[in-house]
Amino acid sequence: MRYDKMLQDKHILITAGASQIGKACALLFASHGGIVAIADKDKGAGKDLLHQLKEYHEDSRFYHTDLGCSDSVKDTCDRYLSDFGAPDVWLNCEGLCHPAFIDEQEEAPLREMINLNTLSTFRIMKYLAGPMKEKQGGAIIQMISDYAVTGANGVAAYGATMGGLFAMTNSFAMDYAPYGIRVNSILLGISLSAMGDIIAAETEDEEAEEFWVRTQMIPRRGKVEEVADTALFLASDMGSLITAEGFFVNGGQNSIAHNQHYRWNWGAKA
Amino acid sequence: MRNYAKLLEGKYAVVTNGGDPCGCAIVKKLAMHGATVAFGVRDPEIGEKILGEISDLSPESFYLMLSLADSEGIEEFCRKVKECFPLTTVLVNNPYGDIKRTIIESCEEDDRYLLQVNQRSVMQTLRAFYGPMRDNRCGSIINISSNTVFKPVLGNPFLTLSMGTIGGLTRVTAFEGGEFYVRVNEILSGIQPGHSELSPCPLKIEGSHVEGMADLVLFLASDMSSYITGQSFTVDGGARRQLFA
Amino acid sequence: MDYQRLLAGRSAIVTGGVGSVGRTVALLYARHGANVVVLDEDEVEVEKIVQELRDINQKCSGFAGNLRDPESIVQLCNHAINALGTADILVNAAGTYLSGDAETLEEDDFIAMIDWNVNSTIRFTKAIIPYMCDNRQGDIINITSDLATASLPGTAGIAACAGAVLAFTRSVTMDYIRYRVRANCIVYPLDGIEGRRPLTGAPAPEDVANAALWYACKMSRFIIGDMLPVNGGMDYFAGMRGE
């Protein structure tokens, strides 16, 4: 394997990949020789990214997709499969967060989170699993919030959708391991998930700084490029032995025993 | 953009045990990516062989005779390495202790041997190399233990006992080193000490198993993993999460 | 503490009280002196279990209604609170499970399964937790499959539901522990999933119920956000003897 072209001529599908982490991954994968296709709801951002991707490879694609809608997902998967055949790498970056305490949790956001976070993966998997099985290989990577395995304030329902996704990913790993398909997840710390954006938007810089220092081993906010590097590792042959594993990219947040001393308060409850 | 073909360009790395198949693959991988490697071996023939293979890639690499059972020998090893290297930024602890005896069959001698090889050796190298890394705000430490910590195998209690402590040590050191940009991670290896293949696992794997291990070590040693610390990574082809049915 | 009547005078709500686990939990709680309300879908079965419960404790009752519908759940909870006066313990044991991998499991079945397992847990918790907060005490016990942490082929849907319930337990306890509301999770192997485990034999519903009793009583008052696997050590099992 050439380490500067780890994904040479590999077909890559990135769902919800038009911005932030998905975008960083798409550009890194393309620079490593991959043929990247993006599926996203945001048409403008998708077109912009496609423009950049075309510089790496002519065959790059953008599919306008609503991951919350069965028909749209089926349509995109059909088009991808007819364009490229089964993907070598499928990366899913979907993640929607409506923080709320459970006694104030509304029905609509709950349904929306389950639909986008948990069900979308299941839907896409339904169409891709068969072809990937025939191909006898491939890598699937899920971006998940690390609330899937740790507890935190104000994210009970969000954490539940992510916990379900994590367990389901591991179950998929068992289903398709005999076919050489590796299924892994990247567990993003608060600074890299949607919650990090909310914190950054709603607080003063100093307060946010203090939050990172108090809750993480590495006292700073993570960068999307750091997530992309981890995704590259799992997508390429570098991760050939690894399946059903969650990679924490969180600056060591989950391993600190007493980080609950500093509670993040959403202002919703005294 | 980062040079992915030479991820460890100009870095100095230490591997405590380069003698077993896994350690050997790790040394070669680190050297291939531009690191200068110092590694310990028990058999000079193996050392010469590895050195011959990597001399083109990193001419300054060298090996030293080292038995992890000998605590003074480890002190000596660390001292010599520190003399030769201006600054060690990658430390790979690859202990190899393995005694297949049940609790009833074993004797106190076995305890001492395994605790020295698998535990104390890690502590000693940490003591030697963590300080300079912290002072220079740069470093990555990788401790390799065994996946039997999570999935015990019958008839091998001492491997689990001695390897089980490495995880805790990893997290404490990572906590301490976080603000100094010293990252510490643990690999729970499915390749048992001395073997070159994984224990049986659900994943169909093509290619060399020890290469896969070495790739993870490379990932953790390089800046690719700059936001990952205090974690335990299981390399066992999914066996850890499999319920046996 | 009276170890014969660990839950004397406390009010407990057991969802899915007709199923083997929910039923056993309800009976055990009643024997330990709790006033139990069982909630489930089948009216006739609910009536049967209420009769059994009333033989032990007259103050027990039961209500039938749709457990997949948010409004019906609110209604059921109102009935339960009216009957009990308050709520100290909530056991979420409602659930249904279908096996299948991504290709064989239908999307509608998967959505139904999430409604049964995850959404019902979230909705019941939402409806009951304000009463617990007012009382400054409460114990929530979520019972789910042990596929939350370890996996088998062909169990994608079950794993998703179990993992969601486990993660929910951990987060919800962080939010409400300041009101002394505890949440814990019990995981057990589902019927029909036979495994080779260090402890031979399958766990009986009583084994799960005993764990639920322990989480509901004062003995575990310092344990929060915890998971107790009642599965004979199955997920720690790597190799057979001699391997």
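The values are calculated or read from the model by the stated rules, or taken from the named source; none is laboratory data. In this text the structure is predicted, and so the values were computed from the model without any measurement. In this analysis, Cβ positions are derived from the backbone assuming ideal geometry, glycine residues included, and neighbour counts consider all displayed protein chains.
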Practice problem: Taking the options C:Thr86, C:Thr15, name whichever one is surrounded by fewer than 24 Cβ atoms within 10 Å (Cβ to Cβ), touching a residue at least 40 places away in the same chain (Cβ under 8 Å) and hydroxyl-bearing (Ser, Thr, Tyr). | Solution: C:Thr86
Quiz item: Among (1) more than 12 Å from chain A (Cβ to nearest Cβ); (2) in a helix (DSSP H, G or I), which single condition is B:Gly18 missing?
Solution: (2)
Self-check item: Qualifying residue in segment A:172-190 (condition: assigned to a helix (DSSP H, G or I), at the interface with another protein chain (Cβ under 7 Å from one of its Cβ atoms) and among the small types (Gly, Ala, Ser))
Solution: yes
Exercise. Only residues that are closer than 19 Å to A:Ile12 by Cβ and more than 10 Å from chain C (Cβ to nearest Cβ): list them for segment A:96-125, please.
Key: A:Ser120
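One line per residue, one yes/no per condition, for (1) over 21 Å from C:Val230 (Cβ atoms); (2) more than 9 Å from chain A (Cβ to nearest Cβ); (3) at pLDDT below 90:
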site: C:Gly95; (1), (2), (3): no, yes, yes
site: C:Ile129; (1), (2), (3): yes, no, no
site: C:Arg136; (1), (2), (3): yes, yes, no
site: C:Asn142; (1), (2), (3): no, yes, no
site: C:Leu147; (1), (2), (3): no, no, yes
site: C:Ala156; (1), (2), (3): yes, no, yes
site: C:Gly163; (1), (2), (3): no, no, no
Quiz item: Can you name the helices (runs of 4 or more DSSP H) wholly within segment B:105-218 that have at least 2 residues being in contact with a strand residue (DSSP E or B) (Cβ under 9 Å, 6 or more places away or on another chain), in contact (Cβ under 8 Å) with a residue 60 or more places away in the chain and more than 11 Å from chain A (Cβ to nearest Cβ)?
Solution: B:121-135, B:157-177
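For every residue, the table says whether it meets (1) more than 19 Å from A:Val89 (Cβ to Cβ); (2) modelled with pLDDT under 90; (3) touching a Lys or Arg at 6+ places or on another chain (Cβ under 7 Å).
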site: A:Ile114; (1), (2), (3): yes, no, no
site: A:Met132; (1), (2), (3): no, no, no
site: A:Asp146; (1), (2), (3): yes, yes, no
site: A:Ala157; (1), (2), (3): yes, no, no
site: A:Tyr176; (1), (2), (3): no, no, yes
site: A:Ile186; (1), (2), (3): no, no, no
site: A:Ile190; (1), (2), (3): yes, yes, no
site: A:Ala200; (1), (2), (3): yes, yes, no
Exercise. Those residues that are of a type in the set (Phe, Trp, Tyr) and closer than 16 Å to B:Ile26 by Cβ, I need them from segment B:76-98; list them, please.
Key: B:Tyr96
Quiz item: Got a sec? Which strands (runs of 3 or more DSSP E) wholly within segment C:1-108 have at least 3 residues that are farther than 17 Å from C:Ile186 by Cβ, among the basic types (Lys, Arg) and out of contact with any Lys or Arg (no Cβ under 6 Å at 6 or more places or on another chain)?
Solution: none
Quiz prompt | Subset of segment A:144-164 [of a type outside the set (Ser, Thr, Tyr), in a helix (DSSP H, G or I) and within 7 Å of chain C (Cβ to nearest Cβ)] | solution = A:Ala148, A:Ala156, A:Ala157, A:Gly159, A:Ala160, A:Met162, A:Gly163, A:Gly164
Quiz item: Given (1) part of a loop (DSSP other than H, G, I, E, B); (2) within 14 Å of another protein chain (Cβ to nearest Cβ); (3) of a type in the set (D, E, K, R), where does B:Asp56 come up short, assuming only one miss?
Solution: (2)
Quiz item: Taking only pairs six or more apart or across chains, which ones have beta-carbon atoms under 6 Å, a first residue in segment A:1-23 that is farther than 20 Å from A:Leu49 by Cβ, and a second residue that is not in a loop (DSSP other than H, G, I, E, B)?
Solution: A:Met1/A:Asp237
Self-check item: Test for C:Leu166: is it among the aliphatic types (A, V, I, L, M), part of a loop (DSSP other than H, G, I, E, B) and in contact (Cβ under 8 Å) with a residue 40 or more places away in the chain
Solution: no
Practice problem: Tell me, yes or no, whether segment B:100-114 has at least one residue that is touching a Phe, Trp or Tyr at 6+ places or on another chain (Cβ under 8 Å) and closer than 24 Å to B:Ala214 by Cβ. | Solution: no
Quiz item: Limited to segment A:240-255, what total is found for residues that are farther than 17 Å from B:Gly167 by Cα and at the interface with chain B (Cβ under 7 Å from one of its Cβ atoms)?
Solution: 6
Quiz item: How about segment A:174-209: which of its residues are crowded, with 24+ Cβ neighbours inside 10 Å and either over 16 Å from the mean Cα position of the chain (by Cα) or among the β-branched types (Val, Ile, Thr) (or both)?
Solution: A:Met174, A:Asp175, A:Tyr176, A:Ala177, A:Ile181, A:Val183, A:Ile186, A:Ile190
Self-check item: Test: residue in segment A:126-135 that is closer than 25 Å to A:Arg214 by Cα and within 12 Å of chain C (Cβ to nearest Cβ)
Solution: no
